[in-house]
Every structure is written in structure tokens, then in C-alpha cells.
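This report concerns only the one structure given below.
The values are calculated or read from the model by the stated rules, or taken from the named source; none is laboratory data. Everything quoted here is computed from the prediction, not taken from an experiment. Neighbour counts are summed over all protein chains in view; Cβ atoms, including those assigned to glycine, are modelled from backbone coordinates with ideal geometry.
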Amino acid sequence: MIVLMVSAVLALLLTLWLISDKSPLTIMDTPNERSLHEQPTPRSGGVAILIAISVTWLILTFTESWPEAMSWIAVAAALIATISLLDDLCELSPLHRILVHGIAAAILIVGEMILFDGWFGAIFTWFAIVWMLNLYNFMDGMDGFAGGMTLLGFGFLALGGWLQGGSEYALYAGVVATAALGFLGVNFPPARIFMGDAGSATLGLLAAAFSLWGIHDGFFVWWFPLLVFSPFVVDATVTLIRRIMNKERIWEAHRSHYYQRLVQLGWGHKKTVLAEYVLMVLAGSSALLLVLLHNSVLTYAVLLGWVLLYILLAIQVHRMEAQQ
């Protein structure tokens, strides 16, 4: 618990430092026609999160062993953090970013973090990792949203691992969750800082990596992390498919995610993010409950129920837009 508190407090202090006049890093997010915020806001918060995570992981090496999986994860995360911070500073081309994303995904696969065996399994896993880190970036467009998903998502991963005997796994995942908690102290609506690509893309990579690590070590099956992170996965994936079908340039910024549309419908940041938190808690809690019950029939029923719920939520958003 002390280690987890260190992660939260360090992330909070570093984030406060980065929004102060003494900040050594100035990266501003200037509003445009696709933004949901109205004032120029620092977007260096991801640096605080990643430093807090790294320092706390280092502390863990003196109290716990360093799992082999963490070596692969650390190298892949370092690559993503570096290219994403450079992108925050000077806007790299999508080709440069996707190339490094692909290398980081390949590193995890070499570390035997794959969904299933065989060459097809490796290719499918590679695409899943690249998509996860990008969708996390896409969904970081509202105050407190990506931070909340990180807190709750990694929190449920940690609980799932701990309940299945993975205490080390739970500690390393828990550090990510509590770092996000510290960041949320300054990022919750109205946000005074954003995490930027350095934070969102790296956290997306970590979400994929810890999901694969948990699956590989048998702490849970594939649907557990998918359901835990489903508020992000479903919104980003459905939006991508819809934009492809509309022949839009999918690499360009936009405001067509469901959470963005709710904000534009008048819900505002706080109401929308709180509703999303409720959805995250329900998704994670149901995933955890299914792991504990070990009932295959109930599992299929609940997963089908979530599919239907997301369809109904999407229909409701469309209805609300039609009524305006």
C-alpha cells in the first residue's frame, strides 16, 4: 500500500509542478474547431504519470522480484513514450509514429505476449496492440476521461491478477492505476492539464501489455481485459468503422466519438465523464464477478448483455442528436 501511495503522491506533485511557473516543459494544447476545451491548456501531464510509474516500479525492484514480462514491457513503453513526446513537441508524421508503434508491438510479441499460438495469432496480436495504443490516444479528448479509464482499468486488472494469485502482477498494474489517480487530482473537470500523446499512447501500450501478460500467465482469459476496457474499445472501434464507411480521413482529428458527441449535446465534461465512470465501474465489476463465479453460461449471457447495452447506448445518442 505504501508503494501505491508513493505512485499517486509523486504523480500529483509532478503534475502540479508541470502546471506551475517553474515547469521545465511547456507544451500547450491550443483549442481549434475540433477541440472540446476553450482555453490553451498544458498537455505535458503524461510525463508526470510516466515518471511516477517508472520511479515506483524501480522501488518495487528492491522489495519484489522483477518479472521477465516487465523487461519487455519497459522497453516497448520507453519507445512509445519517446516517439509520443517528440510528437507532442514537434508533430511527427503519422508514418514515423506507426513505425515505432509496430516495433513496440513486435517487442511484446517476441516476449511471448500473444493471444494465441501460431503465426496468425502473432499477426492478430500485433494489430491488437497497435490499435489499443492508438485508440487510447483517440479517446483522450475530454477532461478526466483517459485518467479515469487508467485508474479503473488497471485497478480491475490488478484485482483480477491478485485474486488469481498474481501478487507481483497486481502490484505493477496497481502502480499504473494509482499514478493515474494522482494525475486526476489536476485533470478532473475542469482540467488544468492534459496528459498529451506521451501519456495516452504509452498508457494504451501498457493496457495492451498488461492484458496480454495476464492472459499469458493464466490470471484471466481474453474477454476479461476486453470487457474492463470496453468503454474505450467500443467507442473508438465503432467510430473508426463508421468513419471508414463514410470515407473520412481516419488519421485526422475529429469530434465524432460518442463521448465527444455527448459533450456537444450539452452534457458538458463533468456529467459526461461521470457517466463514463459509472460505465467503467459496471464493466470492470461484471468482468471481475464472472472471473470469480467460473460459470460459462452466465459469462456468455453477460457478455451478450454488454453487446446489447452498447448498441442501445449508441442508438440513444443518435436519438438525442436527432431531437436537437
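Values as computed for the structure displayed
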item	result
Extreme residue, surrounded by the most Cβ atoms within 10 Å (Cβ to Cβ), among residues of region 111-138 that are in contact with a Phe, Trp or Tyr (Cβ under 7 Å, 6 or more places away or on another chain) and over 20 Å from Glu252 (Cα atoms)	Met113
Qualifying positions in region 132-162 - under 17 Å from the mean Cα position of the chain (by Cα) and free of Cβ contacts under 8 Å to residues at least 40 places away in the same chain	Leu151, Ala158
Conditions (1) under 23 Å from Gly218 (Cα atoms); (2) modelled with pLDDT under 90; (3) out of contact with any helix residue (DSSP H, G or I) (no Cβ under 6 Å at 6 or more places or on another chain); (4) of a type in the set (Asp, Glu): number failed by Glu112	(2)
Which numbered condition Ser20 misses (of (1) at pLDDT 90 or above; (2) in a helix (DSSP H, G or I))	(2)
Single match in Gly174, Gly141, Gly185, Gly155 (criterion: part of a loop (DSSP other than H, G, I, E, B) and surrounded by fewer than 24 Cβ atoms within 10 Å (Cβ to Cβ))	Gly141
Filter pass, Ala198 being part of a helix (DSSP H, G or I), surrounded by 24 or more Cβ atoms within 10 Å (Cβ to Cβ) and in contact with a helix residue (DSSP H, G or I) (Cβ under 9 Å, 6 or more places away or on another chain)	yes
When residues of region 272-297 are limited to those that are more than 20 Å from the chain's Cα centre (by Cα) and part of a helix (DSSP H, G or I), the one surrounded by the most Cβ atoms within 10 Å (Cβ to Cβ)	Leu290
Residues within region 216-273 that are hydrophobic (A, V, I, L, M, F, W, C), in contact with a Pro (Cβ under 9 Å, 6 or more places away or on another chain) and modelled with pLDDT of 90 or more, tallied	1
Near pairs, Cβ below 6 angstrom, 6+ apart or cross-chain, from region 297-310 (in contact (Cβ under 8 Å) with a residue 40 or more places away in the chain) to any residue that is surrounded by 11 or more Cβ atoms within 10 Å (Cβ to Cβ) and part of a helix (DSSP H, G or I)	Thr299/Leu290; Tyr310/Val234
Close pairs from region 181-193: first in contact (Cβ under 8 Å) with a residue 24 or more places away in the chain and small (Gly, Ala, Ser), partner in a loop (DSSP other than H, G, I, E, B) and surrounded by fewer than 21 Cβ atoms within 10 Å (Cβ to Cβ), Cβ under 8 Å, at least 6 apart	Ala191/His37
Residue in region 138-148 that is closer than 20 Å to Thr15 by Cα and in contact with a Pro (Cβ under 6 Å, 6 or more places away or on another chain) present	yes
Which listed residue, of Ala209, Ala253, is outside any helix (DSSP H, G or I) and within 19 Å of the chain's Cα centre (by Cα)	Ala253
Some residue of region 65-78 being buried (at least 17 other Cβ atoms within 10 Å of the Cβ), under 16 Å from Gly196 (Cα atoms) and either in contact (Cβ under 8 Å) with a residue 40 or more places away in the chain or touching a Pro at 6+ places or on another chain (Cβ under 6 Å) (or both)	yes
Candidates Phe224, Phe219 - the one that is closer than 22 Å to Met280 by Cα and not in a helix (DSSP H, G or I)	Phe219
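Residues checked against (1) closer than 30 Å to Leu298 by Cα; (2) not acidic (Asp, Glu):
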| position | (1), (2) |
| --- | --- |
| Ala209 | yes, yes |
| Asp217 | yes, no |
| Val221 | yes, yes |
| Leu226 | yes, yes |
| Asp235 | yes, no |
| Arg249 | no, yes |
